[in-house]
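These notes are about the structure you will find just below.
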Amino acid sequence: MAEKRRMIPSDGLLLDARWEEGTTSDAVLLCHPHPLYGGSMDNNVVEAMQTGFAGLGWGTLRFNFRGVGRSEGRHTQGEGETRDVLGMASHVRREANRVLHLAGYSYGAWIGLKAVNQGLDPASLVLISPPVGLMDFESLSLPLRPVLVIAGDEDEFCPPDSLRSWLDGAGGSREGVELEIFHGCDHFYWGIERRLADRIREFLQRCVLRTKV
């Protein structure tokens, strides 16, 4: 199935999005990297995530935060962007009537987790290179759901030691949370997008889909 372009209302704004229907009862909301550094839903990692989830027949919704591309509004340093995630999550649940999952890359991982800590309860969570070396993650905790965290061992914005330290305090040591460090990989995943998509699918098949059988 092909993605369809949509303008979706959220928090009084219209946000530019792409929706793929999928063939199952599950759908995932995908959050892109930092808007002030060229981040958008067309990012290579976001596209790799979309490929991974769509490969399981899940519905996928990727979107541009306010002020990016055709999305209305202006960048707000995180507060409005968190409301964007909450609004788009409500759209998936209300309009598509799906079980909601959440995935974010870099800044999108931070914003997605902020939404979780404001009450969003996804059935699973995938965080790609959460920028613990750049953003404030100290007050954010992981949900009691299956969680996959991926980072590269050469990532200057998500240093593995800092990531592990944060995870220890955020609940990452409990059962259901997996950490994967890609060797020879920096923050941008150029050339290893397929590996990223495959790892996401493997996690979902083993830790999420098996629980439905």
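All of the numbers you see were taken from the coordinates with simple rules; none came from a lab. This is a predicted model, so every value here is computed, not measured. Every residue, glycine among them, receives a Cβ derived from its backbone with ideal geometry; neighbour counts consider all protein chains shown.
I'd like the FRET efficiency for Thr24 and Glu72, computed as 1/(1 + (r/R0)^6) with the beta carbon distance as r and R0 of 25 Å, rounded to 0.05.
Step by step, r from the Cβ atoms, then E = 0.20.
Could you calculate the FRET efficiency of Ser165 with Leu144 from 1/(1 + (r/R0)^6), where r is the beta carbon distance between them and R0 is 22 Å, rounded to 0.05?
With a Förster radius of 22 Å, E is 0.60.
Taking 0.36 nm per residue of separation and subtracting the Cα-Cα distance, what length does fully extending Arg195 through Asp136 add?
18.4 nm
In whole percent, what relative contact order does segment 146-213 give with Cα contacts below 8 Å and a gap of six or more residues?
Answer for segment 146-213 is 43 percent.
If you take every DSSP beta bridge whose two residues both sit in the chain, what share of them, in percent to the nearest 5, is antiparallel?
Bridges in the chain are about 30 percent antiparallel.
Considering Cα pairs under 8 angstrom that are at least six residues apart, work out the relative contact order of segment 4-212 and quote it in whole percent.
With pairs under 8 Å counted, the relative contact order is 19 percent.
Looking at the square roots a ≥ b ≥ c of the eigenvalues of the Cα gyration tensor of segment 1-41, which shape do they give, rounded for a/c under 1.5, prolate if a/b is larger than b/c, or oblate?
Here segment 1-41 falls in the prolate category.
Between rounded, prolate and oblate, where does segment 59-193 land on the alpha carbon gyration tensor, with a ≥ b ≥ c its root eigenvalues, rounded for a/c under 1.5, else prolate if a/b exceeds b/c?
Judged from the Cα gyration tensor, segment 59-193 comes out prolate (a/c at least 1.5, a/b above b/c).
How much length, in nm to one decimal, is gained on full extension between Tyr37 and Asp11, taken as 0.36 nm per residue of separation minus their Cα-Cα distance?
Length difference between fully extended and current span is 7.0 nm.
Let a ≥ b ≥ c be the square roots of the eigenvalues of the Cα gyration tensor of segment 6-78; is it rounded (a/c under 1.5), or, if not, prolate (a/b larger than b/c) or oblate?
Here segment 6-78 falls in the oblate category.
Give the order of Glu175, Glu202, Glu81, Glu21 when sorted by the count of other beta carbons within 10 angstrom, beginning with the fewest.
Exposure proxy ranking, most exposed first: Glu175, Glu202, Glu21, Glu81.
For labels at Asp186 and Ser173 in the simple 7 Å Cα→Cβ model, what's the distance in nm?
3.3
What whole-number distance in Å separates the alpha-carbon centres of segment 18-84 and segment 91-113?
8
Taking other Cβ within 10 Å of each residue's Cβ, how do Tyr107, Tyr37, Tyr189 sort, fewest first?
The order, fewest Cβ neighbours first, is Tyr37, Tyr189, Tyr107.
Pop a pseudo-label 7 angstrom from the Cα along the beta-carbon direction at both Gln205 and Glu79 and give the gap in nm to one decimal.
4.5
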